[in-house]
Structure formats: C-alpha cells, structure tokens
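Coordinate-derived values only; no laboratory data. These numbers were taken from a predicted model, which means no experiment stands behind them. Note that each Cβ is placed from the backbone with ideal geometry, even for glycine, and that neighbours are counted across all protein chains shown.
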2 protein chains.
Amino acid sequence: MMLSSKNRQLIYYSVAFAVLFGLLKWIEYQFLVANYSFEIYASATALLFTSLGIWIALKLTKPKTTTIILEKNKFLSNSNNFKPNEKLILQLGLSKRELEVLQLMAQGLSNQEISENLFVSLNTVKTHISRLFSKLNVKRRTQAIEMAKKSAIIL
Amino acid sequence: MMLSSKNRQLIYYSVAFAVLFGLLKWIEYQFLVANYSFEIYASATALLFTSLGIWIALKLTKPKTTTIILEKNKFLSNSNNFKPNEKLILQLGLSKRELEVLQLMAQGLSNQEISENLFVSLNTVKTHISRLFSKLNVKRRTQAIEMAKKSAIIL
DNA sequence: ATCTCATTCATACTTTAGGATGATTTTTAA
DNA sequence: TTAAAAATCATCCTAAAGTATGAATGAGAT
C-alpha cells in the first residue's frame, strides 16, 4: 500500500508526538521521584510543547515570494545574442519540462497541441501550466508569455 | 511615556503567557483536586502549549518571504528603433480599435480587463478580437500575439 | 535507505475564450 | 447626402483554459 506524502507527514508528526510524550513521562518520573516541585515540571512541559508548536508552524508554513523588479538599461538590439536568464530560472524554480511547455505556449500552441508535441496527456500539460502560473505569479497564459519574454526566460 | 510597537507586542505576549499559566494552574487544581488521571492533565497541557507555540510562530514570524530580485533588462535600442509595420497593418486592414485591443491582449489582459480599459462592453471586445483573428489568420490570442510581434505590428 | 522533487495522469468543476449571427449607431469618404 | 466602413452591443452556443485535489512513480540527493 502506498502512502501519499501528506499522510506520511501526518504519521511522522504523530510519531514525533508519541516520542515527546514518552519524554514527558520520563521527565515526570524524574521529578516526582526526586520530589521536585511540580511547578518546574509544568514549566518544562510548557516550554517543550511550546517549542514543538513553534517548530511545527515553521515547518508547515510556506514562504511567500515577493518579486522586486529592477530595471537595468542595456543597449542591445538583436535577438541573436539571446541568453536565457539562468539565474532567474533557478530562482523561480522552473523545471526543464515547465520551460518546454512555456516555450510552446509562447509559440501560440493550445494545450492540446502542446500535449501532442510532448507526447503527454492534456492533463499533464494543464498541471505544468498551473505550476508555471504560480511560479511566475501570473493568472493567464498571455501574462506568462509577456513576463517570460520580458525577463528573458524564453526567446 | 511612549512605547514602541515592539515593546507593546512584547508586553501583550507576556500578559498572554501569564494568563495561560494561570489557566494551567487552574486546570492543574481541577484535576488534582478531582483526583483525575495525571495523563489527561499532561495531555491537555501539551496540546495547549503546542497550540500556543503554533500561534506564536504564526504571529511572530514576519510572513516568511523569499525575495526575488529580478533584474529586468530594458533594451533601449529595441524600444527606440521600433517602427510599426504600417504597410502590413494597411494590407491586413487592421483598424485603430483593433490595434488597441491587440496591444492590450499582448500585455496579458483578459477580455474583461480589456473591455474595462477601453470603456466598452465585453461583447464588443470579443467582436474586435474575432475580426482580428480572421484578419491575422490565426485561431488563438497567443498565436495572434506571436504573429503580431514577429511582424512588428505591435511592440 | 529514505526523503524530496519532477513528472505523469485523473476527475470534477468553474471560468474564460471563441464562433456565428444579427443589429444599431457613428464616422468617413465619394 | 448617402453608401461603406468602423464601432458598438446582444444572445446563444461550443471549446478551451484554468482550478483544486489526489495519487503513482522514477531519479537524485542525503
């Protein structure tokens, strides 16, 4: 049986919880046997689980990307010396396949045509495009094309 | 005396902590007096403080942002040298309005947005675009954009 | 080894785009 | 001034694009 990555994560967190509870019991035992004050035990517990909460929150929140556009004047005329902006492509995290799809999209192909061109299903193309839109921070294919051309992601 | 917003936040959090510890003591009292199981008390505490941790993390961390600095190259000679292909525009019989629509289309606007931009109805925009497609001999807006840029109808 | 990421595909659904057709109102040029 | 072109808008319909969610798998990285 296969587990989705989300389910696996859940299981990991559950196990982590279990381990922490074990730790809790151990601390409890130590303190009670040693007859230390209950307050110290409570404080330790509180700190422990507060930290756990912070950790979980930090792990689970996704970073929000803000794009700052700096205009840099360049005196170039031709598309002959086109050099893809590798740095930006890396920064945006565009995969090989996504770039291919973007390229074909910019050439005016429909999703159906792209899928036939790459020998994959229409759904796959849609998935790639959805991810592209989110990575490029756009809502439509025409916006994606505009953006990708202006920032030299594609020719 | 003035308090900076950071100091005020700190105070709020301290107070929140105090209140929570109070709550903790109360729960502890309830459980101990009522002679409930210690495990339930511990679980409640753990959950409480895990939640607290999550809340603190979400509140306190400035929204995790990965800032992408995009160096947009502004090709001066390109924009300066651009001369619309008037001959072709005449040959194709493109009207002023159609060119405007084409321009906005290439900038990534949706039909709705174009209509708002030009203060006409959505239907009007569709009509213009239909004529454009037939005149440019294309089937989709992405093709129209490709074609219009390649043949210097628009920038 | 195991975890992450890229790639693939599916289903179900909503929204937008595009096509066909007809009609009214301005402009514009003969 | 009147015919032609341009611009406007509508309705009905179909096709394509886009969203959301879940899932399977193979390749690399740790």
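If a paramagnetic tag sat 7 Å from the Cα of B:Glu100 along the Cα-Cβ line, which residues of region B:112-138 would have the backbone N under 19 Å from that point? It comes to B:112-133, nothing else.
With the radius of gyration and the Kirkwood radius both derived from the Cα set of region A:86-150, what is their ratio Rg to Rh? We get a ratio of 0.94 for region A:86-150. Peptide B:103-112 shows a mean partner chain C-beta count of 3 within 10 Å per residue C-beta. Neighbouring Cβ atoms from other chains, within 10 Å of the Cβ of residues in A:140-150, number 5 on average.
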